[in-house]
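S.K.: Sharing a structure, written as C-alpha cells. Questions coming.
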Amino acid sequence: MNQISTKDMYQAMGISEQVCRFGEQIEAELKERFSAIDEVAEYNQLKVIRAMQDNRVSAECFAISNGYGYNDLGRDTLEKVYASCFHGEDALVRPQITCGTHALALALMSNLRPGDELLSPVGKPYDTLEEVIGIRPSKGSLAEYGIMYRQVDLLPDGSFDYENIRKAVGERTKLVTIQRSKGYQTRPSLSVEKIGELIAFIKSIKPEVICMVDNCYGEFVETQEPLDVGADMIVGSLIKNPGGGLAPIGGYIVGKKECVENAAFRLTSPGLGKEVGASLNVISSFYQGLFQAPVVTASALKGAIFAANIYERLGFPVIPNATESRHDIIQAVTLNSPEALIAFCRGIQAAAPVDSYVTPEPWAMPGYDSDVIMAAGAFVQGSSIELSADGPLKPPYAVYFQGGLTWYHAKLGILMSLEKLNEQKLVNNSLMC
Ligand SMILES: *Cc1c(COP(=O)(O)O)cnc(C)c1O
C-alpha cells in the first residue's frame with residue numbers, strides 16, 4: 001500500500017512543513033489541557049444520555065409533525081429532555097425561535113410588564129440586545145412598552161461592582177440578565193461558579209427577582225450550568241453549542257415553570273402556550289445535535305486553546321490567553337494589521353468543508369463603523385459552533401473566532417490561518433521552532 005502519511009496530507013492541502021511541525025509541537029504541549037476538556041465532555045455526554053433515557057426517548061419521537069402540532073410527542077419529549085439535562089422545571093425548545101436574540105427577546109418580553117425594571121449587573125449586553133432593550137431606540141423594544149433598564153458595569157479588573165449592584169436592585173427590579181460569555185467585548189467570560197455568587201448576592205437583596213442567564217456559547221463548557229447555581233432561567237441558540245452543529249434552526253429557554261410558561265404564551269399566543277407549534281421535520285436533528293453537543297463543544301474548545309497557544313507564542317496578544325481557564329468557546333487574537341486579519345480569515349475559509357474556494361473580502365455591514373471581514377464555510381448559515389472567524393478592519397485588528405465541529409477541522413483551520421500569515425511574512429517565523 002502506498003498510502004500517504006497525515007503529514008503529507010497536510011502538505012498536499014497547503015500546510016508547509018514548518019507550520020505543520022510548529023503545530024505538532026504546540027499540540028504536544030497541550031495534552032493535559034485536552035484531557036481535562038475530554039473529562040468534561042465525558043461527564044456532559046453522560047448527562048445528556050441520562051436525560052434522554054429518563055424521559056424515554058423513542059423512535060416515535062422522530063416522527064415529522066405538521067399543522068397545529070397538537071400532541072407532538074417529539075417536541076414535548078425533547079422539552080422534557082432539555083429540562084432534565086439542564087436541571088430546570090420546564091423547557092421551551094422550538095424551531096419557531098429563530099435565533100439567540102429572539103430567544104432572549106422572548107424571555108425578556110414575556111416575563112417583564114410595563115413599569116418593571118430590567119437590570120444587567122455585568123455591563124453592556126450583547127450588541128443585538130441593545131435594540132431589544134431599547135438602549136438603541138428601536139421599534140417594539142422593551143422601552144416602548146414602558147420597561148426600564150439599568151446597568152451596572154464590571155469593575156476595571158472584571159469583578160462585580162457589588163456596592164453599585166446593591167444600590168441598583170430596587171422596588172421595580174423584576175429581572176436580572178447575566179451574560180455568561182463576553183461575546184465580542186474584552187471583559188472576561190463568567191464561570192458558572194462566579195454566576196452563582198452573583199445570583200446569591202442578588203437574591204440576598206431581593207429573593208423574588210428573576211435571574212436570567214444568557215447562556216449563548218457557554219453550554220457544555222463546564223460540568224455545571226447556571227440553573228445548578230440558582231439561576232431561574234437560561235436562554236440560548238441551537239445554532240451554537242447545544243445544537244451540536246446538526247440543528248438547522250432554533251432556540252431554547254429552560255428554567256422555572258412560570259418563566260417558561262410566560263415565554264410559551266408569548267411565543268404562540270395567550271391560551272395556547274406550549275400546546276401548539278409543530279416541530280416539522282427538524283426534531284430528529286435537535287435530538288441528535290444535543291446528543292453530539294458535549295463532544296462538539298469540546299472540539300471547539302480545543303481549537304480555541306490551540307489557537308491561543310500558537311498565536312501567543314508568535315507574539316500576538318490573545319484573549320483568553322494560552323493558559324487561562326475557559327468559560328465559553330470564543331477566542332480573540334489581536335493581529336495588529338489589516339493584512340494579517342485578512343490573511344487569517346482567508347486561511348479559515350480555505351480550510352472549510354464548504355465554500356473553501358471563496359475568498360473573503362472586507363465589506364461594509366450595517367451596525368459597524370468600519371469594514372468587516374468574515375470567514376465561514378458552514379453547513380448551517382451563520383452557525384457559530386462551526387469554525388468561523390470575523391473582525392472589524394480597524395485597530396487593533398482583532399479577529400474573533402469560534403467553533404469547529406471536530407477538533408481536526410479546527411486544527412486544520414488554525415494551521416491554514418498561520419500558513420497564510422507566514423506566506424505573506426506577517427509572522428516572525430524564527431519563533432516557529
Ligand atoms: C450569539 C449571541 C447572542 C445572539 O444570538 P444570535 O443567534 O446571533 O441572535 C446573544 N448573546 C450572546 C452572548 C451570544 O453569543
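S.K.: Confirm whether residue 208 is under 25 Å from residue 103 (Cβ atoms), away from the ligand (no atom under 16 Å from the Cβ), modelled with pLDDT of 95 or more and assigned to a loop (DSSP other than H, G, I, E, B).
M.R.: When the stated conditions are applied, residue 208 passes them.
S.K.: Taking the stretch 172-194, which residues are under 21 Å from residue 233 (Cα atoms) and more than 13 Å from the ligand (Cβ to nearest atom)?
M.R.: Answer for the stretch 172-194, where residues must be under 21 Å from residue 233 (Cα atoms) and more than 13 Å from the ligand (Cβ to nearest atom): 172, 173, 174, 175, 176, 191, 192, 193, 194.
S.K.: Can you find, within the stretch 323-348, the residue that is nearest to residue 393 (Cα to Cα) among those that are over 20 Å from the mean Cα position of the chain (by Cα) and free of Cβ contacts under 8 Å to residues at least 60 places away in the same chain?
M.R.: 338
S.K.: Got a sec? Which of 339, 361 is part of a helix (DSSP H, G or I), surrounded by fewer than 19 Cβ atoms within 10 Å (Cβ to Cβ) and of a type in the set (Asp, Glu)?
M.R.: 339
S.K.: Among what's in the stretch 211-242 and is within 11 Å of the ligand (Cβ to nearest atom) and polar (S, T, N, Q), pick the residue that is farthest from residue 35 (Cα to Cα).
M.R.: 237
S.K.: So which residues in the stretch 384-412 are of a type in the set (D, E, K, R), under 18 Å from residue 335 (Cβ atoms) and assigned to a loop (DSSP other than H, G, I, E, B), if there are any at all?
M.R.: Scanning the stretch 384-412 gives a single hit, 394.
S.K.: Would you list the helices (runs of 4 or more DSSP H) that sit entirely within the stretch 56-153 and hold 3 or more residues that are under 24 Å from the mean Cα position of the chain (by Cα), surrounded by 22 or more Cβ atoms within 10 Å (Cβ to Cβ) and within 16 Å of the ligand (Cβ to nearest atom)?
M.R.: Output list reads 100-111, 127-133.
S.K.: Right, another one. Need the failing condition index for residue 223 against (1) more than 20 Å from residue 103 (Cα to Cα); (2) without any contact (Cβ under 8 Å) to a residue 40 or more places away in the chain; (3) not in a strand (DSSP E or B), just the number.
M.R.: (2)
S.K.: Within the group 167, 139, 182, 174, which residue is closer than 21 Å to residue 402 by Cβ and of a type in the set (Lys, Arg)?
M.R.: One residue alone meets the criteria, 182.
S.K.: Right, another one. Does the stretch 323-335 contain at least one residue that is farther than 23 Å from residue 189 by Cα and touching a Leu at 6+ places or on another chain (Cβ under 9 Å)?
M.R.: Within the stretch 323-335 (the criterion being farther than 23 Å from residue 189 by Cα and touching a Leu at 6+ places or on another chain (Cβ under 9 Å)), the answer is no, since none of the residues qualifies.
S.K.: Output the number of the condition that residue 264 fails; it satisfies all remaining conditions of (1) within 16 Å of the ligand (Cβ to nearest atom); (2) surrounded by 21 or more Cβ atoms within 10 Å (Cβ to Cβ).
M.R.: Just one mismatch for residue 264, condition (1).
S.K.: Let me ask something else. Could you check residue 418 against (1) within 21 Å of the chain's Cα centre (by Cα); (2) modelled with pLDDT of 95 or more and say which number it fails?
M.R.: Just one mismatch for residue 418, condition (1).
S.K.: I'm checking my understanding of the structure. Among residues of the stretch 365-379 that are in a loop (DSSP other than H, G, I, E, B) and surrounded by fewer than 20 Cβ atoms within 10 Å (Cβ to Cβ), which one is modelled with the highest pLDDT?
M.R.: Here the answer is 379.
S.K.: Within the bounds of the stretch 299-312, is there any residue that is surrounded by fewer than 22 Cβ atoms within 10 Å (Cβ to Cβ) and within 16 Å of the ligand (Cβ to nearest atom)?
M.R.: Among the residues of the stretch 299-312, not one is surrounded by fewer than 22 Cβ atoms within 10 Å (Cβ to Cβ) and within 16 Å of the ligand (Cβ to nearest atom), which makes the answer no.
S.K.: Just to verify a result, which residue in the stretch 267-281, among those that are in contact (Cβ under 8 Å) with a residue 24 or more places away in the chain, surrounded by 17 or more Cβ atoms within 10 Å (Cβ to Cβ) and not in a loop (DSSP other than H, G, I, E, B), is nearest to the chain's Cα centre (by Cα)?
M.R.: 267
S.K.: Now a separate question. Can you name every residue in the stretch 160-177 that is outside any helix (DSSP H, G or I) and in contact with a Pro (Cβ under 9 Å, 6 or more places away or on another chain)?
M.R.: Passing the criteria: 160, 161, 169, 176, 177.
The values are calculated or read from the model by the stated rules, or taken from the named source; none is laboratory data. Predicted model only: the values in this text are computed from it and were never measured. Cβ: placed from backbone, ideal geometry, glycine included. Neighbour counts: every protein chain shown.
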